[in-house]
Every structure is written in structure tokens, then in C-alpha cells.
Amino acid sequence: MSRHYLLALSLIGGLAIISAVLIGVLVERQESYATIIDMAGRQRMLSLRIAALVAPGGVEDPAALTQAADEMLQAHWTLRQEPAHMTLALTQSYFAPATGLDQRVQGFLRTAASLASGPVNPAVARRVRQEAMGPLLDSLQNTVELHQAAAERDMSVILWGHCASAALALLLLLAETMLIFRPQAHRLAGLTERLAREADHDPLTGLYNRRAMERVLEAALVAGERLAIIMLDLDYFKGTNDSAGHAAGDAVLCAAAERLRAALAPGDIVARVGGDEFLILLRGITDRAKVQAMAEGISERLGRPFTWQGQALRIGATCGFAMSPADACVRSDLLRVADDALRRAKAAARGRVAGASAADATRLAREAQIATALFAAGGAPRGLYAALQPQIDLKDGALLGFEALARWDDPVLGAIAPGEFLPIAARQGLLPALGRAVRRDAFSTLAWLRDAGLPAPRVAINLAPEELAVPNLVEAIELDLITRGLRHADLELEITEDVLLDRVSDVVRERLKRLRDRGVRLSIDDFGTGYAGLLQLLRLSLDAVKLDRRFVAGIGYDARAEEIIRATAGLAAGLGLELVAEGVETEQQAQILLERGITIGQGWLLARPMRQAELWDWLEARSAKAPMVLHRLG
């Protein structure tokens, strides 16, 4: 009996030791996770500060930019000291040779630091701001979420270990066992709570962050709660931040957060969603006048002076609000209505408050009708068609081709502009179906014109990034061509620069190459408005680029636009690419384009987008006489 007792006691002791060691290791890992999350959160805050300091026109405070970059680098090096406790997935992505977050952060900081020590390139400044407020911010948030998930998994392991040890332990030794585990469990619970808080809260003010607020708002809307949101921007904050220093700016943000908390009723929530942007959720409110009064009271509170180190600092707040269900029932729509109201308030004057307007309700209702019609038709509704706009040789007026433009005349809703229905189709994931319907109609029109004996050169079709991701894209295009008696050479595909920004995948590049090898032409649409690298232009083996209409519109009064046109013409000539100018509306524009060596134009001066019957009349009128020479130099 004593031997069994000693064996059981030894087993319990062994389990206690193993559990204590395991929990000790996990607690140490939790502390590393907490350090990683803390440093990643600090990097997020500093990246937002760097974005605020970098303006397209220049850096107003190079010293502050250098300080912020140095602080972010220090946090980065601290984070790099924890690789042994990073999750495997994060370690692999963080230290990847060319694409890892480690290299991206260092590259971002080198670029940011260079802006503080020399002349500012607007494109570089824009890239820094976009990286700081977009991909880099999301990657750092992903670091926080990965390690919070790892901490939660470790906590599950610890809880399981507790249960197993308790089941095997003798009641006689339970008190002793608890003396071993209880202190560490309390410590671990505190660390877990800290991790959860840091993932959902702004590290500076302690308020909810954007991600947490959107989650709470979504849940409230799904539950059918009656609520209102107030979106506010701090007025004069940038001036205060620049004049009194960033420490003063941070103090003002914290004090503003406290005033906002004090203004809210129990259950209401405030979040910091940007540098000087806040979002407030008011629950159980149905009276628009009360929301207006609440927003005005908040603006008045924030307009009172803040005291920092003996200085009186003044800011203010401009507010826009929206209510659910009165103004919108979907989170994205409700936020958009509040944002529109905030913009109207800003346009009126600082410190103003504006609510949703009748125009917002009308717009949302129309968007809902458009979305319903698109969804019901699977992306190819009645009245959708391709309008063909001719592309003309500016030297002699010869017809060189067409561009197919999506148009929609709905039997019920009437004419719907592309700017209305294309974004909605994109949100619904219907762009591939819509694009194919437009493509087929354009091919049918081209075949119909040729069957009638009218001149009908190639047609250019726009391909959205979503369409390029369709696995059977090549086969679908070839089938549409063959069934209408057209050849590959009759088609030109236009892709936008944002496709290049997405680092064209090998699969997409292979699809485009297959089509081009069979005779389809490839071109870049709206060239000059994005950041397409020259290397990408070469890799894609393009045939043409299209000069964006905004540059053409600047001819005659914007010297910078004309310089961009001249440089683009030289670039296209050097790469052996055709250059097509979009939006040619005046004789002066056509003349200057010719002088710059750009001989292909598209725009209302030359011909408007036309349906089949209009094209018939236009082509017959042209064939009745020799092509008119629009311009001739010398």
C-alpha cells in the first residue's frame, strides 16, 4: 500500500513539476507576445504620425519626421529581438528575404527619413503616406492578431493542463497543487486580458480602434438596434501639433478622448478611427434633434481650451451624423452617409454639425435599386450594352479602331451612368459577368458592321482586375470571338495601372501572354495616373498606352500637364509603344498633341460613343466622302 501511495505521490509530483514548467514556458511566451503586440501597436501609431508629417508639397517639420522614424526603428529592433516566440507563419512572412515585413518596415523608414533630409518627390511622399496608412498598417495589425490568437491557443493548452492535473491529483494534495498553479494562472489571465485590450484599443487614447468599432456597429445593426453615429474631425489639430509639438498633440488627443467619454451615456461608445478622427455610437436614439444637440454639445466641449504645460491650446470639432434605420441599415452605407454629412459640415465652416440629407436618402435608395437589378440579372441586366467610341488618326482622320464603353439604359430606372453601376457591381462581385456581357455586345456590333460592308477595325475592351482573376478568361474570350466570326487581331484588351500595382501574378501574366501570342493587342488604360513601374511595362509586352484624359484637359493652361504629355510621348516612343490620347475635346488639344508626336486620339471632338444604329449612320456618312483631314501641320 505504501508503495502505491509513494508511486501515486511521485506521479502527482511529476505532473505538478511538468505542469509548472509548461505553464512557466507559456507565461514567458505570453510576455513575449505582449512585447510583440505592444511594439507592433507603437509602430502603427508612429506610421500614422509619419503619414501626417508627410505632405505631397513637402515636409514641414523634418526634425519631427526624423524623430518619428527613429522611434519607429527602435520599436522595430525591439520587435526583431522576439523571433523565437513569434508564430511560425509570422516568422516566415516577417523575415522573408525580399517581401517580409522586416524588409518593408526598414525600406519604409529609409524612404521616410530621406524625405526629411532632402527635396521631396511628390510621388515618393504619396507612396510613403499610402504605405503608412494602408498595407503597412494592415500588416502590423495582422502581427497583433496573429499573436493574440497564439496567446489564446496557449491559454487553451494551459486550461487543459489544469483539468488533467486536477483530475489525477489526490484531494489530499489539492491545496498544495493550487499553491503552485494559482499565482501563475492569475498572472496569465492578466496578460491575456492585456493582449485582448491592446488588439481592440488605440494605444494612445485607450479608446476602441476602427476595427473594434466597426465590429460593434455591425453587431448592433444586425440586431436591429435603433442607433446613430457621429463622425467628427478635430479642427486646428495639425496647427497645434506643429506649433506646440507632438507631445502636446498627443496630450490633446488624450484629453479630447476623456471629454468624449464624459459626454456619452452608459452603453454609448467612442473610438479613435484616424489621426484626429473619432467615431461615436449612440444606442437607442430615434430623435434626430437629440442627435443634433448631442453633436453640437460635443463640438462645444472640444472647443474649450486645453491646458498643457501652462499653455492654453485651442482646437474644435466638426461633426457629421447619420441614423439607423432612418438613413441606412447597412454599416458601409451608414458610414458613407455620416462621412458625406461631415464633408458638408466642413464645407460650410469649421465647428459645424450636419446630418444626413434628403439627397443621401435618395442616393442610397437608387443604389439599392441598381444593386437589386444587377443581382437579379446576375450582372447582365436588360438595357446593358456596349457603346463604341472611334479612335481616329489625328493626321488624316482615318478610323483606326473603337473602344467599347459600358452603358446601361434600364427600362425602369432609366439611363444609369457607369460611375453609378460599376462600383456597385464591383461590391457585389459581378464585374466579370458584366464585363463579359459588354464584351459580347461589342463583338456582335463589330461583326454586324462588317457583315453590312462597313469599315470596322479592331475594338478595345476594358478588363477589370476582377476579370483577370477568372480562371477560364482566355477560353471565354476566344469562344466569344469565334462564335461571332472574329479573329484575335480584332481585339485589344485595356488593363489599368492598378493591376500593375498588385504585382501581376504569374498566372495573370501567363493569361495575358497567351492572348497576345495569338494576336490580341494589350494596352494600359489611364496611363500616368498610377505608379506602374517601367519594369512591369516591359514584362507585360504591351502594344500601346492610353494617356489619361485629365492630362489632355490641361492642355493650354496647365504647364505641368503638358510636360507630362511630352515626357509620356518620349517614353512611349522609346519603348516602341503606340500612344492614344483620351478625352480630345478641342482643336487646340488635337493640334498640340500632334506637335508632341501623338497621332491617335479619342474624344467628343472626333466622335462620341455610339450604339449600333448611330454607328451605322456615322460610318455611312464617312464612306460617302473621303476621310476628312482634321489637322495638318506645316
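The values are calculated or read from the model by the stated rules, or taken from the named source; none is laboratory data. Here the structure is a predicted model, which means the values were calculated and not measured. Glycine gets a Cβ as well: all are built from the backbone with ideal geometry, and neighbour counts include every protein chain shown.
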Any helices (runs of 4 or more DSSP H) falling wholly within the stretch 206-281 and containing at least 3 residues that are under 18 Å from Trp308 (Cβ atoms) and among the small types (Gly, Ala, Ser): 237-244, 246-263
Subset of the stretch 407-436 that is small (Gly, Ala, Ser) and surrounded by fewer than 21 Cβ atoms within 10 Å (Cβ to Cβ) - its residue that is farthest from Ala469 (Cα to Cα): Gly414
Members of the stretch 227-266 found to be polar (S, T, N, Q) and modelled with pLDDT of 95 or more, listed by number: none
Hey, Ala251 closer than 18 Å to Met323 by Cβ and in the same structural domain as Glu214 (by TED's automatic domain parsing) or not: no
Residue satisfying all of: in the stretch 299-357; touching a residue at least 60 places away in the same chain (Cβ under 8 Å) and part of a loop (DSSP other than H, G, I, E, B); surrounded by the most Cβ atoms within 10 Å (Cβ to Cβ) among these: Ile315
Unmet criterion (only one of (1) assigned to a strand (DSSP E or B); (2) in contact (Cβ under 8 Å) with a residue 60 or more places away in the chain; (3) closer than 21 Å to Gly435 by Cα) for Leu374: (1)
Checking Leu173 against (1) modelled with pLDDT under 70; (2) of a type in the set (A, V, I, L, M, F, W, C); (3) not in a helix (DSSP H, G or I), the condition it does not meet: (3)
Those residues of the stretch 107-120 which are exposed (fewer than 14 other Cβ atoms within 10 Å of the Cβ) and without any contact (Cβ under 8 Å) to a residue 40 or more places away in the chain, in sequence order: Gly107, Arg110, Gly118, Pro119
Pro471 being more than 17 Å from Gln389 (Cα to Cα) and surrounded by fewer than 16 Cβ atoms within 10 Å (Cβ to Cβ): yes
Sole residue being outside the structural domain of Ala256 (by TED's automatic domain parsing), of a type in the set (Gly, Ala, Ser), under 23 Å from Val412 (Cα atoms) and assigned to a helix (DSSP H, G or I), chosen from Ala380, Ala368: Ala368
Residue list for the stretch 316-326, restricted to those being under 14 Å from Ala295 (Cβ atoms) and not polar (S, T, N, Q): Gly316, Ala317, Cys319, Gly320, Phe321, Ala322, Met323
Candidate set from the stretch 598-615 (those that are in contact with a strand residue (DSSP E or B) (Cβ under 8 Å, 6 or more places away or on another chain) and surrounded by fewer than 18 Cβ atoms within 10 Å (Cβ to Cβ)); member that is nearest to Ala581 (Cα to Cα): Arg608
Residue ID - nearest to Leu446 (Cα to Cα), chosen from residues in the stretch 476-505 that are modelled with pLDDT under 90 and surrounded by fewer than 17 Cβ atoms within 10 Å (Cβ to Cβ): Asp498
Sole residue being closer than 20 Å to Ala322 by Cβ and either hydrophobic (A, V, I, L, M, F, W, C) or assigned to a helix (DSSP H, G or I) (or both), chosen from Ile424, Ile392: Ile424
Residue among Leu571, Leu575 that is farther than 13 Å from Gln391 by Cα and over 31 Å from the mean Cα position of the chain (by Cα): Leu575
Filter result (surrounded by fewer than 23 Cβ atoms within 10 Å (Cβ to Cβ), more than 16 Å from Ala380 (Cα to Cα) and among the small types (Gly, Ala, Ser)) within the stretch 437-466: Ala447, Ala452, Gly453, Ala456
Single residue of Val580, Val508, Val545 found to be assigned to a helix (DSSP H, G or I) and either within 27 Å of Arg440 (Cα to Cα) or at pLDDT 85 or above (or both): Val508
Residue in the stretch 217-226 that is of a type in the set (Asp, Glu) and either surrounded by fewer than 18 Cβ atoms within 10 Å (Cβ to Cβ) or modelled with pLDDT of 95 or more (or both) present: yes
Criterion violated by Lys346 - all others in (1) under 25 Å from Asp242 (Cβ atoms); (2) among the charged types (D, E, K, R); (3) more than 29 Å from the chain's Cα centre (by Cα) satisfied: (3)
Conditions (1) out of contact with any Phe, Trp or Tyr (no Cβ under 9 Å at 6 or more places or on another chain); (2) modelled with pLDDT under 90; (3) under 22 Å from Asp202 (Cα atoms): number failed by Cys319: (2)
Residue check for Leu399: in the same structural domain as Ile600 (by TED's automatic domain parsing), of a type in the set (A, V, I, L, M) and touching a Pro at 6+ places or on another chain (Cβ under 6 Å): yes
Residue within the stretch 397-404 that is in contact (Cβ under 8 Å) with a residue 24 or more places away in the chain, aromatic (Phe, Trp, Tyr) and touching a Leu at 6+ places or on another chain (Cβ under 8 Å) present: yes
